[in-house]
Amino acid sequence: MHLPKWFKIKISGINPTKKILREHSLFSVCEEARCPNKSHCFTVPTAAFLILGDTCTRDCAFCSVKSGAPSDVDVNEPLRIVEAAKQMGLKYIVITSVTRDDLSDGGASHFVNTIKAIKNILNVKVEVLTPDFKGNMEAIRTVLLAKPDVFNHNIETVKRLYPTLRPQADYQLSLRILREAANIAPEIKIKSGFMLGFGETFDDVVELLNNLRESGCNFLTIGQYLRPSKKNIPVVEYIKPDKFERFKERALFMGFEYVASGPLVRSSMNAWEAYNFSQ
């Protein structure tokens, strides 16, 4: 399926961000997930740091991050992120990770070490985008006690499509994580996001919006699924911009504080805008 004529991806020039990431042996979800906004975002500069390696223990149908047996946890990674963030001049840092079902805490302690390293040295805001930690709510609590400014856990798709797209994940569990995070740390903004284009219906999306809002979600991102490689599930439909706008209006009416909705919207793109908007 070809991209529609109204779908435009911004291509920018050469930038230093990729060079800085390589210098410090760091990964970014921008690269590993083949984000279409990478060229633009890397010139800002901004980057969503991917901790705990570049290999995921799960294999979601829509994701291009490689799956398999991950490497050992790199205890020096947090300080390298600090140095890279200094070079980039970042004021808002997004930390995410591959899913590490091989670790007893799912990598929560490494999230904490990374947050603390950043906050102890840099005067910046930190957003975390976590996996589900296999439902380990103590792991969620541990991350929240490190005081990130935004806690993000993406629901990714509608309930009906979970068995096909996310067979190793659980829709209700993701909602519970958001709900628990909102209860544990009401002062922290709770964020989630999902993609369209998998064959979901209007009613599917409305159900998802209601579920997210009832779970205490404050910030929301809605984007278009783009097939990152031939091994991933094909796009069923390219959603028109006006439909994204309608979902945004509905979500705001439901009480979400900030909603970014559009074909090229991604969870970490311009994440600082949502935080600044709420201040």
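The values are calculated or read from the model by the stated rules, or taken from the named source; none is laboratory data. Bear in mind that the values here come from a model prediction, so they are computed numbers and not experimental data. Because the Cβ atoms are built from the backbone with ideal geometry, glycine has one as well, and the counts that use them run over all protein chains shown. When the accessible area is computed, the model is the full protein with side chains, heavy atoms only, and any ligands, DNA or RNA have been set aside. Shrake-Rupley method; radii C 1.70, N 1.55, O 1.52, S 1.80 Å.
For the reader, a short list of remarks on this structure follows.
- Near Glu180, once Lys and Arg are set to +1 and Asp and Glu to -1 for all other residues with Cβ below 13 Å from its Cβ, the sum equals +1.
- A cut-off under 9 angstrom between Cβ atoms defines the neighbours of Gly262, and their net charge, with Lys, Arg +1 and Asp, Glu -1, is 0.
- Apportionment of accessible area to carbon and sulfur, segment 138-279, percent (1.4 Å): 51 percent
- Taking every protein chain into account, the accessible area of the chain amounts to 45 square angstrom per residue (probe 1.4 Å).
- Cα centroid separation - segment 159-209 against segment 140-154, whole Å: 17 Å
- When the Cα atoms of the chain are aligned to their principal axes, the ranges along those axes come out at 45, 44, 40 Å in descending order.
- Relative to the globular-protein estimate of 2.2 N^0.38 Å, the Cα radius of gyration of segment 130-172 stands at 1.32.
- With the whole protein complex present, Arg213 retains an accessible surface near 70 Å², based on a 1.4 Å probe.
- Taking every alpha-carbon pair under 8 Å whose residues sit at least 6 apart, the chain reaches a relative contact order of 15 percent.
- Within segment 129-279, all pairs of alpha-carbon atoms sorted by distance into 5 Å bins from zero give the percentages 2, 9, 20, 23, 21, 15, 8, 3, 0.
- Gaussian network model of the chain, Cα within-10 Å springs - most flexible of Ser261, Ser71, Ser109: Ser71
- For the chain, the mean residue ellipticity at 222 nm estimated from helices alone is -10500 deg cm²/dmol, where every DSSP H run of n ≥ 4 contributes -39500 (n - 2.57) and the total is divided by all residues, rounded to the nearest 500.
- Relative contact order (%) - segment 199-279, alpha-carbon pairs under 8 angstrom, separation at least six: 38 percent
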